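The values are calculated or read from the model by the stated rules, or taken from the named source; none is laboratory data. Quantities reported herein were computed from a predicted structural model and do not represent experimental measurements. Here the Cβ positions follow ideal geometry from the backbone for every residue, glycine too, while neighbour counts run over all protein chains shown. Heads up: the accessible areas ignore ligands, DNA and RNA and are worked out on the full protein's heavy atoms, side chains in. Shrake-Rupley method; radii C 1.70, N 1.55, O 1.52, S 1.80 Å.
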Amino acid sequence: MIGLIPTLAFAQVYKKHSLQKDRLSIQLSEGVLNIVPLSDKAIRVEWEKGMKEEREFVLINKLPVPAFKFSETTTKLKISTNTITVLFDKQTGAINYSDNAGKIFLGEKAGRKLKPDTVGGQNCFIAEQSFDSPSDEYLFGLGQFQDGHYNLRNVTRKLTQVNSQIAIPFLYSSRGYGILWHQYGLTEFNPSDNVVPLAKKDTASEGGTMEVTTTSGTQRVSRQQAIYTGKLNVPKDGDYSIMLDLGNMESRHLLVIDGKPYIDQTNQWLPPAASKIVNLKAGEHTVQVVCKTANTPRLTWKATGNETTFRSVNAKSLDYIVFYGKNADDVITSYRNLSGNVPMLPLWAYGFWQCRERYTSGNHLVQTVEEFRKRNLPVDVIVQDWQYWGKHGWGVPQFDTTNYPNPDLFIKRLHDLNAHFSISVWENLDKKSNVAKEYIDKNLYIPNSAWIDIYNPETQRTHWNALNKNLFSLGVDSWWMDATEPENDALVGKQTYFGLGDFYRLTYPLFVSQAVYDGQRATDPSKRVVTLTRSAFPGQQRFGTINWSGDIGWNWDTYKRQIVAGLNYSLTGMPYWTTDIGGFFRPGRTQYTDTKYHDILTRWFQWSTFNTIFRMHGYQTETEPWKYGDTVMNNMRSMMNLRYRLMPYIYSEGWQISSKGSTMMRPMVMDYKNDPLAIGQSYQYMFGKSFLVAPVTEPGVTEWNVYLPSSTKWFDFWTGKRFDGGQTIKTAAPQDKIPVFVKAGSIVPMGPVVQYTSEKPMDTLEIRIYPGADGQFVLYSDEGDNYNYEKGKYKVIPFSWNEAIQKLIIDKQQGSYAGALRKLVLNIVWVNESQGYGTDIASKPKTIIYTGEKITIKR
């Protein structure tokens, strides 16, 4: 009877079951539990108690029902695909998931919950499910957060969409599974429910300031900030997850426990909540919280343990999908097969993006690109930030001709300079403007809100028509959809086309992206859609979006947090991501001469060379490289030249994303899941399958420690020196170089140094072979900027290196397209310490002419 207590408590008593063509339905004492095989590698679990969400935003691809087997014992129900076995326990109601060898990779904790509740006067549930999480597990994903966490096991998070934070309820485990927590509203991850009572201390009573300990030492807190104090009592020695939630976006997070700061962040604005895992002794601890006086902080805690919990407070049912495969690529591919695959970006999108806050006229934009060309600084994209709308009103997608007369002409001048033009667009356009009149006449704004109701299909059409008429038809190439959360969590309590906004709180960016993608493809299918946007939701990858990490600061801690944020983001199935190089909020006028800032700017720029998208930006800043002096500019030029030399490699990796479900920025768990030391490296990653990138994250260094994963050998990209894997080495890290290593067996195509991606035909390539292991690479090319590749108009050339017989095989090309090169000059280089290293072109290659037929080259 003891074993039934959790069952009875949470209404999980098994009654009966029925096997249907596409699912196993289990009648519980309350509600129905459906176990639905979506594919061989994906299982959906739905528990319903009288209501469910009828709208499907994410799982848009309905695949054929996979073959599955069913069996029953007195205590278990078992359903198996070719990859996953699901075992339902009739007594506890819990589910275990195992591979086809019977090894359990994931298990539910008994006691799933659907607790009745209301929101905005409407019925809902608080849906909660916990899973086993052994102590050696690493968890990744959940989107992009600014809390600095790499391994998310036991971390507490509040999944909301705000500036610099992207909530994507998808989790990937080092044990080889992924979970999509299939909810559209607010989700809490590992919620901490123990509340620390806080009392506000009046700073005005002590002359307007008080002393408090921070990571920068003892500082005085001004009257605009408030200090809260309290007592935290924990029952035993151990690790505890502490969550500080300020409720709204703010500029200060400071949590001090027993005189030691544990959370300490400052920026113009920060996400509302941050957490930290803290080791505490049993007993009472003194806490201090510093925040803005307008905030009412909430401090909570929970003991860490061997479980992971999802909780959604405005749910209609409990719904999640488990994915499993032989590696992370397998899991993400399965996820994208259901939620939408990633379209190709145009070739130029992988080049350098020049952006600042802000360019002030059409001439300003043109003159900037001219200066890039004059200084031999490669650039493919220049970006117009906000305020170009001028007299038309805030957020109106229309040029003020005072500073942007004849916009089609200045955009043509940019095109004549072989640059592409991207422009900022917002969804809260001024209601008093002429452009907004049509939206108002059609009732397309969310009531009592500045934001348009993008959920309404008519809003999507009207919005695209406005963008097309005022911007796209004039020559705009790319979209910068800003504040698509929408900003400041603006859906709470609002009525939308779909109903109460609380139920759809995370999904607004998905529909903004869809409106632009569908609109542009229908208008001009010959031009690939490129959308840079500040927020995202599962499935958004199918609309060709790029995300960036929002309005961040510029210090070393912020920079480090971007690295782990980007790596976790990449493991949610979203392949394209970038940051504001050097930070959005910068140190003002001193940045141009301050060598300490130049240090972090240069290191950030180096790292961004190995981001999927390579983009500069900054607030009230002249971000052009020459503004920082010759040393910084020359270092930047060197990295730009490397980026452009790697374009054949990068574009081919882009094809792997679109055709094979791959990921370009790859946390170490993706390729070295059997090397625990590799998995634990939070500040290094693979760029494609060949490059190990280890960005420098500290000031003033000339050497850097890099862990080289076991099971293979590695080459220093800059010297050609070979190293054994399975060791940490100290490598040179001068100011002009980022530590980069190349895996043995890699085949890396490199093009010429160019000033923009289409400057020269890629008819002469250097093919670098990194010997020491077998290797393969597929060189991809197409027309560069249309969707003909979807019709088979592209070309691939398979390369393979056989280490045992020391032969390179270049196979017969597959496919073709209009303008495809009939022959290639391939300069083959076997990398060692005398040739084939660094950015420079090798001087003594073995040259062959490739005409599309198979060739074998002996070393």
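Some points to look at:
- Linear extension gain, Gln727 paired with Ser816, 0.36 nm per residue minus alpha-carbon span: 27.6 nm
- Protein heavy-atom surface of the chain, 1.4 angstrom probe: 47% of the accessible area is carbon and sulfur, with nucleic acids and ligands not counted.
- Here Asp117 and Glu54 are evaluated by their C-beta separation; at R0 = 22 Å the FRET efficiency comes out at 0.65.
- Relative contact order of region 591-667, pairs being alpha-carbon contacts under 8 Å that are 6 or more residues apart, as %: 30 percent
- Sorting the segments 820-827, 365-372, 321-328 by their mean number of nearby beta carbons within 10 angstrom, highest to lowest, gives 321-328, 365-372, 820-827.
- Taking the charge dipole of region 346-502 about its Cα centre, with +1 at Lys and Arg Cβ atoms and -1 at Asp and Glu Cβ atoms, the residue from Leu414, Tyr388, Ile452 reaching farthest to the positive side is Leu414.
- Taking θ as phi - 60° and the Karplus parameters 6.51, -1.76 and 1.60, the scalar couplings of region 591-600 work out to 4, 6, 10, 7, 5, 5, 5, 4, 4, 5 Hz in sequence order, x denoting glycine and proline.
- Integer Hz, Karplus 6.51/-1.76/1.60 couplings in order for region 76-82, x for Gly and Pro: 9, 10, 10, 10, 9, 9, 5
- Gained length - Lys760 relative to Lys374, 0.36 nm times residue gap less alpha-carbon distance: 137.2 nm
- Taking each residue as 0.36 nm, the span from Asn634 to Asn443 lengthens on full extension beyond its C-alpha to C-alpha distance by 63.4 nm.
- Shape of the chain, Cα gyration tensor, a/c cut at 1.5: rounded
- Where the chain is the region considered: accessible area per residue in Å², 1.4 Å probe: 36 Å²
- The residue list Gly121, Tyr780, Tyr14 was ranked by how far each Cα lies along the charge dipole of the chain toward its positive end, using unit charges on Cβ atoms, and Tyr780 comes out on top.
- Ellipticity estimate at 222 nm from DSSP helix runs (n ≥ 4, -39,500 (n - 2.57)) divided over the chain, nearest 500: -5000 deg cm²/dmol
- Farthest towards the positive end of the charge dipole of the chain, among the residues Gln354, Leu824, Val693, is the Cα of Leu824, using unit charges on the Cβ of Lys, Arg, Asp and Glu.
- Backbone amide hydrogens, once placed in the peptide plane, bring Met665 within less than 5 Å of Gly688, excluding anything fewer than 5 places away on its chain.
- Neighbours of Pro116 by Cβ distance under 15 Å: Lys/Arg scored +1, Asp/Glu scored -1, total +3.
- Pairs of lysine residues in region 247-375 - Cα separation under 19 Å, sequence separation of 8 or more or cross-chain: 4
- Residue-wise HN-Hα couplings along region 38-49, as the Karplus relation 6.51 cos²θ - 1.76 cosθ + 1.60 with θ = phi - 60° gives them from phi, are 8, 7, 4, 10, 9, 10, 9, 10, 10, 10, 10, 9 Hz; Gly and Pro carry x.
- Charged side chains reduced to their Cβ positions (Lys and Arg at +1, Asp and Glu at -1) give region 51-139 a dipole of some 320 debye around its Cα centre.
- Backbone amide hydrogens, once placed in the peptide plane, bring Tyr240 within less than 5 Å of Val278, Asn279, Leu280, Thr304, excluding anything fewer than 5 places away on its chain.
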